Structures are given as C-alpha cells and as structure tokens.
Amino acid sequence: MQTAFKIIIISVIIAIASYGVGLLLKGSGGQTGGDSKTTVSGSGILYSEDKGDNWTQRANVTSGQNISKYNITEIVIHPVDTNIIFAGTDSGGLYRSKDASSNWEAVSDKNNILLPRSMVRAIAFDRENSKRLFIAVFQDLKGRVLRSEDQGESFEEMYFTSKDKIGVNDVILSPSNKNQVFIGTDDGLILESS
C-alpha cells in the first residue's frame, strides 16, 4: 500500500512539474536523491523551483504545531487559486497555506468536527465549486468523510465507518457527475454516494 501511495505522489509531482508550478513533496532530512545533482534539505513539506534538482523545506507555521514533525499523507493544490495548498498529516490534522507553501496554518474547524489530531488520509476538491472540499480522516477510532463548503473554515460529517478501527483511505469526486463521490475503506469496500 505504501509503495502505491508513493507512486501516486510521484505522479502528482510529475504532473505539477509539467505545468511549471513549484513542486511539493514529503521528504526526509539530509538525503541526496539518486541523481548526484539533487539535494534535499529538511523534512516535512519540501519545495523545488528547478524541477526537483534542489529542495528546500517549507515548514514555517503561523498557527499549530511545526508541520515538519508530522508525516505528510496528502498534498492538494486548489483548482483555481494555486497559492492555496492543503496538506494532510498522519496525526496533526489538516494544514493550509495561502501563499504557495511559504507559510502554513493548522486548519481549525469552527464546528469542531475535524479534530486537531486527526489522521488525514485524502483531500479532494470539487472542480466545479472550488470552495467545496472533502477529506477522508481517521479520528475517534473511526474512518470518516468530512465536507467543507468554505475552503476548510468549517466541516460537516458525511460518512463514518460502522466499525471501530476501520479507516476511510480515499475520497474521489467523479469527473463526470458532480454529485457522485467515491470512498475506499480499510475493510475493502468501495462506496458510492447516492
């Protein structure tokens, strides 16, 4: 599962690079990539402006814990405003940057539905309504799908697993039907919204 996840992240990075946007990647400190020209400095969220030859850490946090102390599980760039980026973590909830990753803030849900210590497994923007996003989280021993209609200012719960310790691993919006949402769970289910 981890290998498949890494392949997906690499695919996203390649897609971003092809559009000339700065690259984002979860890395680990003090490593050099396979190419001797590639240098990596820091951990957490890393940024490159030279197609991945050099990476710099982007861990400045205006609110919340230092983002570099968490494993980054997902990075999603806003479909309209590329300065807005969301990053999910393994145990520190959801983070947002409004300045193309220079500064990060912990997302604080006005409704207290999204917990600060959640594991965020997936983030999906609605391409037709760029204020709407869905996240797959694991919190309070259950997998959940949360929806925000205001770019992460507040969330409502759309689904939770019926059994404890079963997570929701992914959330995907159908490209052909804006009302159709798919989720995948730890117990092998693929569910479709009705």
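The values are calculated or read from the model by the stated rules, or taken from the named source; none is laboratory data. Predicted model only: the values in this text are computed from it and were never measured. Here the Cβ positions follow ideal geometry from the backbone for every residue, glycine too, while neighbour counts run over all protein chains shown. Keep in mind that these areas ignore ligands, DNA and RNA; they rest on the heavy atoms of the full protein, side chains included. Shrake-Rupley method; radii C 1.70, N 1.55, O 1.52, S 1.80 Å.
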If I ignore ligands, DNA and RNA and count only protein heavy atoms, how much of Y47 is accessible to a 1.4 Å probe, in Å² to the nearest 10? 30 Å²
What residues from region 164-180 fall in the zone where the backbone N is under 15 Å from a label point 7 Å along the Cα-to-C-beta line of S194? 180
Probe 1.4 Å, heavy atoms of protein chains only: per residue, the accessible area of region 81-194 in Å² is 49 Å²
Please report the relative contact order for region 45-144, taking Cα pairs under 8 Å with a sequence separation of at least 6, and give it as a percent rounded to a whole number. 21 percent
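What FRET efficiency comes out for the pair K131/D186, r = Cβ-Cβ distance, R0 = 30 Å, nearest 0.05? Display every interim value, and only then the final one.
Working: r = 30 Å, r/R0 = 0.98.
Using R0 = 30 Å, I get an efficiency of 0.50.
So between K110 and D81, what do we pick up on full extension, going 0.36 nm a residue minus the alpha carbon distance? List each step's numbers first, then the result.
On the way: separation 29, 0.36 × 29 = 10.44 nm, distance 2.27 nm.
That pair, K110 and D81, stretches by 8.2 nm at full extension.
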Read phi for every residue in region 161-167 and hand back ³J(HN,Hα) as whole Hz from Karplus 6.51 cos²θ - 1.76 cosθ + 1.60, θ = phi - 60°, with x for Gly and Pro. 6, 6, 10, 5, 6, 10, x
